[in-house]
Amino acid sequence: MILGPVHGPVATEDLPEHYPWPERDGRPWVRAMMSCTLDGAAAGADGLSGSISSDADGAVFSAVRRFADVVLVGGGTLAAEEYGPSKASEEDAARRAAAGQAPAPVIAVVSGSLKLPLDDDGFTASTVRPIVFTTADPDPDRLAAVRERCDVVQADGDTVDVGWVVERLAERGLWRIVCEGGPSLLRDAAAADLLDEADLTFAPLLVGSENTPRTDMLDDASRFELAHVLTEEGVLMTRYLRGGTR
Ligand SMILES: NC(=O)c1ccc[n+]([C@@H]2O[C@H](COP(=O)([O-])OP(=O)(O)OC[C@H]3O[C@@H](n4cnc5c(N)ncnc54)[C@H](OP(=O)(O)O)[C@@H]3O)[C@@H](O)[C@H]2O)c1
């Protein structure tokens with residue numbers, strides 16, 4: 001760690017302490033978790049984030065997930081990346097149970113099209129049944145297929161509001177939310193002023209940005225404060241906290 005509460009090496013097993021979840025204050029805590037390159041790309045030439053990622057970055061992702069209630073992603077990310085299962089670990093069982101958490105984070109997906117890779121391990125082998133948030137009137141065949149593997153929560157209209165998603169998750173007691181993207185879902189979460197924290201990794205790469213979705217500008221910029229910086233092999237792993245009060 002080169003900036004933050006300690007100065008010097010941080011062991012992998014200590015990473016969760018540097019990405020703490022707050023005490024519950026009645027509000028959900030939404031953290032954005034993303035990697036990008038020096039030229040702002042969210043994916044490498046193969047269209048995947050793994051090609052711009054590193055072991056250290058992967059360790060931070062895992063540390064954040066360990067004590068999360070939910071891993072929230074957009075349908076585009078699930079379609080692009082092969083999501084692995086969210087599995088209970090014996091090591092974390094007691095701490096999660098004491099905090100009133102399910103044995104593993106639930107994978108929650110926002111998708112209107114429901115074109116989801118339902119045979120991926122994330123859907124077939126996760127400890128907790130995934131949740132899919134969709135519109136009032138999606139394709140009926142796809143809806144039936146998704147219902148076989150997931151809980152489905154439908155919005156009233158033909159759009160899915162991310163603030164509504166966060167409220168529905170919190171109602172289920174799932175308030176420690178890590179949003180792993182992609183850029184479109186995070187853009188909507190930022191526009192709705194939902195983000196409390198942004199954990200951003202900068203990979204020392206220039207790859208071009210053709211594979212990174214373009215997103216609309218926000219009406220209002222939000223300011224964040226830098227809480228720490230970790231570095232390994234030229235990769236910067238930062239933690240930013242929402243500044244000020246809401
Ligand atoms: N570098 C990283 O850390 C990182 C992380 C995640 C993803 N990625 C990369 O980002 C790319 C995907 O980006 P993306 O922006 O397309 O991903 P995304 O935000 O995961 O997916 C966009 C899709 O999610 C659904 N969606 C998102 N917000 C919605 C909303 N408010 N209401 C209804 N549906 C909503 C829609 O799905 P439907 O089309 O099904 O309606 C939309 O087409 C991939 O290349 C992936 O590898 C990188």
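Here are some notes:
- Restricting 63, 45 to those that are more than 9 Å from the ligand (Cβ to nearest atom), open to solvent by less than 20 Å² (accessible area, probe 1.4 Å) and farther than 16 Å from residue 183 by Cβ reduces the list to 63.
- Positions within the stretch 89-117 being surrounded by 13 or more Cβ atoms within 10 Å (Cβ to Cβ), free of Cβ contacts under 8 Å to residues at least 40 places away in the same chain and farther than 23 Å from residue 171 by Cβ, in sequence order: 92, 93, 113, 117
- Qualifying residue in the stretch 223-237 (condition: among the hydroxyl-bearing types (Ser, Thr, Tyr) and closer than 21 Å to residue 80 by Cβ): no
- Restricting attention to the stretch 192-223, the residues being under 23 Å from residue 53 (Cα atoms) and not hydroxyl-bearing (Ser, Thr, Tyr) number 16.
- Scanning the stretch 184-222 for residues that are in contact with a Lys or Arg (Cβ under 8 Å, 6 or more places away or on another chain) and over 13 Å from residue 42 (Cα atoms) yields a total of 9.
- Residue match in the stretch 207-216 (condition: within 28 Å of residue 63 (Cα to Cα) and among the aliphatic types (A, V, I, L, M)): yes
- For residue 175, the requirement of being touching a helix residue (DSSP H, G or I) at 6+ places or on another chain (Cβ under 8 Å) and either more than 9 Å from the ligand (Cβ to nearest atom) or closer than 22 Å to residue 66 by Cα (or both) is met.
- Residues that are out of contact with any strand residue (DSSP E or B) (no Cβ under 9 Å at 6 or more places or on another chain) and either more than 14 Å from the ligand (Cβ to nearest atom) or open to solvent by less than 30 Å² (accessible area, probe 1.4 Å) (or both) within the stretch 66-83 comprise just one, 66.
- Positions within the stretch 194-213 being within 14 Å of the ligand (Cβ to nearest atom), of a type in the set (D, E, K, R) and under 19 Å from the mean Cα position of the chain (by Cα), in sequence order: 199
- Test: residue in the stretch 17-30 that is closer than 15 Å to residue 201 by Cβ and outside any loop (DSSP other than H, G, I, E, B): yes
- Of the criteria (1) among the hydroxyl-bearing types (Ser, Thr, Tyr); (2) open to solvent by 60 Å² or more (accessible area, probe 1.4 Å); (3) within 12 Å of the ligand (Cβ to nearest atom), which one residue 127 fails: (3)
- Selected residue [within 19 Å of residue 170 (Cβ to Cβ), more than 9 Å from the ligand (Cβ to nearest atom) and in contact with a Leu (Cβ under 8 Å, 6 or more places away or on another chain)] from 28, 22: 28
- Of the strands (runs of 3 or more DSSP E) entirely within the stretch 137-244, those holding at least 3 residues that are open to solvent by 50 Å² or more (accessible area, probe 1.4 Å) and not polar (S, T, N, Q) occupy 224-232, 235-242.
- Residues of the stretch 1-27 that are touching a Lys or Arg at 6+ places or on another chain (Cβ under 8 Å) and closer than 20 Å to residue 95 by Cβ: 16, 18, 19, 21.
The values are calculated or read from the model by the stated rules, or taken from the named source; none is laboratory data. Remember, predicted model here, so these are calculated numbers, not experimental data. Cβ: placed from backbone, ideal geometry, glycine included. Neighbour counts: every protein chain shown. SASA here: full protein model, heavy atoms, side chains in, ligands and nucleic acids out. Shrake-Rupley method; radii C 1.70, N 1.55, O 1.52, S 1.80 Å.
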